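Some notes on the structure that comes next.
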């Protein structure tokens, strides 16, 4: 019968008659007269019985002691002396980095080269899902078995979700790949054989497309909220431009050419690392004029609590969530996020006759195939027509919504 923690705790540190208690699969504990508990593994090497000391309980837990069993069984099946292999493994383990240490090095050396938003995302993933959970294991990365990884991802799934586990697997693979190329860890770590479906679920692809009447209700809710003008304008600009949240938040007044009516997103603010040119629509110009009156025409278009810094992603996501809370209470409206504005603009304009290559440019996507190589045209005129149409359809929906209230 397997030994439990409860039984071992009753024996620990108590004066008693020395004894040996069997656990499972040739694993046992030796209890001394003073209650010192030591894990042992019994096997035959060269036809002679040997006893291998593993460590003392509770420093070596039941689970950790059991993890030695498959190692010993594998060595014995290959006619290797487990005493020598264990010594070699422990000697090799000295100085080897753990996964938590490798991830910390990656954050320190690789991540600072990435964009600010990506830095924040990766730092949060490592600090929440990798370091706290794996730091306690203290097992060198090169010695982690597939069972160790499955146990780890089960814990991530329990604390987060199946989708979280899938996302973290992808991140860990990229970290290990980076460390391998630098010669900091051995190649072919067992975790690289795992697929997302083995330990969790794929992150879902967004499907939410808001109708014009829903955007109208959101617009009215924004206007009636007590948020700052910058907060209101940020979410409104996201919805009428289809720009990424970071493109709006990080926009500066110097990026706007009002004489020619062009907003240029610089490469450093673009996901594709290429400049994006969009026309300034009539409705967008109105919002910009309001911001200029409140905050002036210098620095960031959407200032945060510190006027010299942009508004944070968290602030906009939180504000959007508050708007949805109100609309759900009033209309049972399905959940929406700022990023859904992009899918909504593309879908609704396509339904109203705007060509796909134009909506792709409005979203700031890179053209594919031959067009990506030879066609550098921004379709500014066609974009402008699309934006004016989109804003007019939103205005029509707002007016209808207000009339229905009346």
Which FRET efficiency value, to the nearest 0.05, do you get for residue 286 and residue 63 by plugging their Cβ-Cβ distance into 1/(1 + (r/R0)^6) with R0 = 56 Å? 0.30
GNM top mover of 340, 108, 79 - the chain, alpha-carbon springs below 10 Å: 79
Log entry: pair-distance distribution for the stretch 264-356, C-alpha pairs binned every 5 Å from zero, whole % per bin is 3, 10, 11, 18, 24, 18, 11, 5, 0
Volume per residue (Å³) of the convex hull spanned by the alpha carbons of the stretch 47-117 is 156
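Okay, helix-only estimate at 222 nm for the chain: each DSSP H run of n ≥ 4 adds -39500 (n - 2.57), divide by all residues, round to 500 deg cm²/dmol; what do you get? Spell out each step's value before the answer.
On the way: 19 runs with 214 residues, N = 406.
Value at 222 nm, helices only: -16000 deg cm²/dmol.
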How big, in percent, is the set of alpha carbon pairs in the stretch 18-149 lying more than 20 Å apart? 58
Per principal axis, descending, Cα span of the chain in whole Å: 90, 51, 40
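Could you work out the percent of alpha carbon pairs in the stretch 2-47 separated by over 12 Å, rounded to a whole number? Mind dumping the intermediate values first?
Working: 629 of 1035 pairs.
Here the long-distance tail beyond 12 Å is 61 percent of all Cα pairs in the stretch 2-47.
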Taking Cα atoms, the helix 99-109 axis meets the longest principal axis of the chain at an angle in degrees (rounded to 10) of 40
Would you look at the GNM of the chain, springs on alpha carbons closer than 10 Å, and say which of 49, 119, 245 moves the most? 49
Kirkwood hydrodynamic radius (Cα pairs, Å) of the stretch 190-248? 14.7
Counting pairs of Cα atoms in the stretch 128-269, how many percent are more than 25 Å apart? 55
Alpha-carbon spread of the stretch 212-405, three principal axes, descending order, Å: 50, 40, 28
For the pair residue 114/residue 402, report the inter-label distance in nm, with labels modelled 7 Å from Cα in the Cβ direction. 4.4
Evaluated over the stretch 5-93, the Cα radius of gyration and Dmax, each in Å: 13.7, 41
Give me the three principal axis extents of the stretch 99-199 from the C-alpha atoms, as integers in angstrom, largest value leading. 33, 29, 24
Check: C-alpha center the stretch 186-237 vs C-alpha center the stretch 6-23, spacing in Å is 55
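Can you give the FRET efficiency for residue 30 and residue 71, using 1/(1 + (r/R0)^6), R0 = 30 Å, r = Cβ-Cβ distance, to the nearest 0.05?
Approximately 0.90, to the nearest 0.05.
For a footprinting-style exposure proxy, rank 241, 36 by other Cβ within 10 Å, fewest first. Mind dumping the intermediate values first?
Working: 241 27, 36 14.
Ordered by Cβ neighbours within 10 Å, fewest first: 36, 241.
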Order by neighbour count: 366, 193, fewest other Cβ atoms within 10 Å first, most last. 193, 366
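Which of 148, 289 comes first, and how do the rest follow, when ranked by fewest Cβ neighbours within 10 Å? Could the numbers behind the result be given before it?
Values: 148 18, 289 11.
Sorted ascending by nearby Cβ count, the order is 289, 148.
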Measuring from the longest principal axis of the C-alpha atoms of the chain, the long axis of helix 282-295 (C-alpha) lies at a number of degrees, nearest 10, equal to 70
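Computed from the coordinates by the stated procedures, all read-outs in this text should not be read as laboratory data. In this text, all values refer to a predicted model and were calculated from it rather than measured experimentally. Reconstructed Cβ throughout: ideal geometry from the backbone, glycine too, with neighbour counts over all protein chains shown.
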